[in-house]
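Participant: Let me give you the structure first, and then I'll get to my questions.
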Amino acid sequence: MTNPGLRERKKQRMYETVSDIAVRLFLEKGFDAVSVAEIAAAADISKPTLFRYFPAKEDLVLYRIADHEGEAARVVAQARAAPVEALRRHFVEGLERGDPVTGLNDHPEVLAFHALLYGTPSLVARAYAHQERSEAALAEVLGGDLDARLAAGQIMAVLRVLALENWRRMAAGERVADVRPDAVAAAERAFGRLAAALPPGLRPHGSTSETR
């Protein structure tokens, strides 16, 4: 029998290869100008095979950020600190290392990808669904009740707005080194307001540790 690990690695390579080919074509020609048939031909696979991996054309692009779905929930679940503090630290650390998900990255390929994502209505709509799932996962980790859902909505909105503001400044041609101090200050301010506004006892579901 084939080693299951090998099968998984082959499947992962297929996802990455097809997504990379599709994104390259979208960047060259525009999202709406490239057909699924053209992508399948470029990847040397059939359309049915492509759709087994990517049920929708938009998924070929969103695959690039699929690993970030549920990231906030994972950070909170694994942290010893209070949820808002854990997410503040995580976001600020992302700013320091130029994580593209924070918007603070001016590499040409990252800027081009973000321009494609935010400039294509169907991709924006698909990304919104991605955010809704992330919000639901965070709410579940926070306890799943109304307070948890309200908190998750506010947290995800802060993360989204901070990242979009950073990307906007990158897209306008500003330098990372110039923007980073403002980005860190904005994150500290936003998370400080969250910490003050959200229920003081907010903690990961099932946690018995005190928030700090």
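Participant: Given a 1.4 angstrom probe, I'd like the percentage of the accessible area of the chain that is carbon and sulfur, rounded to a whole number.
Facilitator: On the chain, the fraction of accessible area on carbon and sulfur atoms equals 53 percent.
Participant: I'd like to check one number: the per residue accessible area of the chain, probe 1.4 Å, reported in Å² as a whole number.
Facilitator: With all protein chains present, the chain gives 55 Å² per residue.
Participant: Would you calculate the separation in nanometres between label points at TYR15 and ALA115, each defined as 7 Å from the Cα along the Cα-to-beta-carbon direction?
Facilitator: Distance between the two pseudo-spin positions: 2.8 nm.
Participant: Taking Cα pairs under 8 Å and at least six residues apart, what relative contact order does the chain come out at, in percent?
Facilitator: It rounds to 24 percent for the chain.
Participant: Explain nothing, just the number: dipole magnitude of the chain about its Cα centre with +1 on each Lys and Arg Cβ and -1 on each Asp and Glu Cβ, in debye rounded to the nearest 20.
Facilitator: Charge dipole of the chain: 340 debye, to the nearest 20.
Participant: What ranking, highest mean first, results for peptides 80-86, 176-182, 112-118, 8-14 when packing means the other Cβ atoms within 10 Å averaged over each residue?
Facilitator: Highest to lowest by the protection proxy: 80-86, 112-118, 176-182, 8-14.
Participant: Can I ask one more? Between ALA129 and VAL176, 0.36 nm times their residue separation minus their Cα-Cα distance comes to what?
Facilitator: Once the chain is fully extended between ALA129 and VAL176, it gains 14.0 nm.
Participant: Could you give the size of the charge dipole of the range 68-109 about its Cα centre, using +1 on the Cβ of each K and R and -1 on the Cβ of each D and E, expressed in debye and rounded to the nearest 20?
Facilitator: So the dipole magnitude of the range 68-109 works out to roughly 300 debye.
Participant: Can I ask one more? Each label point is 7 Å from the Cα along the Cα-to-Cβ direction; what then is the distance between the points at ALA33 and LYS47, in nm?
Facilitator: 2.2
Participant: Sticking with this structure for a sec: Say each of VAL92 and ARG7 gets a label point 7 Å from the Cα, pointing the same way as Cα to Cβ; how far apart are those two points in nm?
Facilitator: About 4.6 nm, to one decimal.
Participant: In a shell of Cβ-Cβ distance under 12 Å around TYR63, excluding TYR63 itself, what net charge do Lys and Arg (+1) and Asp and Glu (-1) give?
Facilitator: Computed value for this residue: -3.
The values are calculated or read from the model by the stated rules, or taken from the named source; none is laboratory data. This structure is a prediction, so every number in the text was calculated from the model and none was measured. For neighbour counting, all protein chains shown are included, and Cβ atoms are generated from backbone atoms with ideal geometry for every residue, glycine included. The accessibility values were calculated without ligands, DNA or RNA, using every heavy atom of the protein model including side chains. Shrake-Rupley method; radii C 1.70, N 1.55, O 1.52, S 1.80 Å.
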